[in-house]
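Read the structure below first, then the notes.
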Amino acid sequence: MRDIDLKTLRLFVAVCDHRNIARAAEEAHIEPSAISKRIAQLESELGVPLLSRSRRGVQPTAAGIALLEHARNVLFTMERIASDVAAFGGGLKGRVSVCASASAIAEALLDDIASFMREPANQNIRVEVEERLSFDLVRQLREGAASVGVCWDNVDLQGLEHRPYRQDRLALAVHRDHPLAGEASLRFDQTLEHEHVGLLPSTAVHTMLRRAAASAGKTVSYRVIVSSFDAAFRVVAAGLGISVVPVEVAETYRPVLGIKIVPLTDAWAQRRFVVCFKSFDALQPAAQRMVDYLASRVKRPST
């Protein structure tokens, strides 16, 4: 089979979007017969029908749906290639793919990226942010699937370069009527007699709390497991448990939900985040500039 050209893929996607060859041809400023010929040739080369034709228009077949998904991904990738290569032309342009942990995204990362993008010198830089578990994030960086990662520094960073980013402190979120609500501060082991609200077992926070409990000869009793800090705060506000959360995120929810935030005194409760990447020298200029900017945002932990 000969290589499939991009124009044919674009026309095929347009036909599927419009469900009509004539409308796709009008949009592409070509004759409908030219599109029909290209798609018929593609069907012949692949050996399967891609479109089901009727008086009402066209619909992709099962094989057509599979091709459509791949075609969208290929076209999107080609657009990104053109954008990334343009960074080496006049004026700094480019796309930076950032993978970040839930904690980093929930705290200051998005605000920092927005500030970076608002600077006039960075107006032509586009950024994609994807939430990932820390271990998955590190794997993507090693494999080259992402340019920059932001996560807690307790993850295995072997094979990656990294720079310090922000810090935060973990605390206990409790319902205002909970027995622990009146405490000025607590050690984590003092919370283990109560039911917790936790994040998914695959998250770094869940793993860290399990280890902290084990070192005290205890286990964490989870009444509810949720997938985000937002959900955790709402379950706490409903009086269904207590939850270990970042102070910086908690301050957003505390006045809205009327919950209490009690600092944890354990040494591990002070967390350090890092900006990590495979090789700074190998990063695009746009990604290098973002790394430098994020690293400049280092500050003292929340109190």
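Assorted remarks:
- Residues in region 43-79 that a label on Ile30 would reach, taking backbone N under 11 Å of a point 7 Å out along Cα→Cβ: none
- Within the chain, helix-based [θ] at 222 nm, where runs of 4 or more DSSP H residues each add -39,500 (n - 2.57), nearest 500: -13000 deg cm²/dmol
- Per the Debye formula on identical point scatterers at the alpha carbon atoms of region 6-87, with no solvent, log10 I(q)/I(0) at q = 0.20 Å⁻¹ is -0.88.
- For the pair Glu193 and Arg142 in one chain, pulling the backbone fully straight at 0.36 nm per residue adds 14.3 nm over the alpha carbon distance.
- Amide H to amide H distances under 5 Å link Val127 with Val96, where only residues 5 or more positions off or on other chains count and H is placed in the peptide plane.
- Whole-Hz Karplus values for region 190-195 come out as 6, 9, 7, 7, 10, 6 Hz, taken residue by residue from phi with 6.51 cos²θ - 1.76 cosθ + 1.60 and θ = phi - 60°; glycine and proline positions read x.
- Computed Kirkwood radius, in angstrom, where 1/r is averaged over Cα pairs of the chain: 22.8
- Taking trypsin sites (Lys or Arg not before Pro) across region 5-58, the ones in a DSSP loop with at most 10 further Cβ atoms lying within 10 angstrom of their Cβ are Arg55, Arg56.
- An ellipsoid equivalent to region 105-222, defined through the eigenvalues of its Cα gyration tensor, has semi-axes of 34, 19, 12 Å when rounded to whole angstrom and sorted largest first.
- Shown here are the Rg and Dmax of the Cα trace of region 167-270, at 12.2, 36 Å.
- Look at the dipole of the chain built from charges on Cβ: of Ala267, His178, Leu67, the Cα furthest out on the positive end belongs to Leu67.
- In straight-distance terms, cross-link reach from Lys93 covers every one of the aspartates and glutamates whose alpha-carbon lies under 15 Å from its own, apart from those fewer than eight places away in the same chain; here that gives Glu79, Asp84, Glu119, Glu128.
- Vicinal HN-Hα couplings computed from phi for region 230-238 (Karplus, 6.51 cos²θ - 1.76 cosθ + 1.60; Hz; Gly/Pro x): 4, 5, 4, 4, 6, 5, 4, 4, 7
- Efficiency of FRET from Cβ geometry, Leu6 and Val224, R₀ 51 Å, rounded to 0.05: 0.55
Bear in mind these aren't lab numbers, they're just calculated from the coordinates by the rules spelled out. These numbers come from a predicted model, not from an experiment. Because the Cβ atoms are built from the backbone with ideal geometry, glycine has one as well, and the counts that use them run over all protein chains shown.
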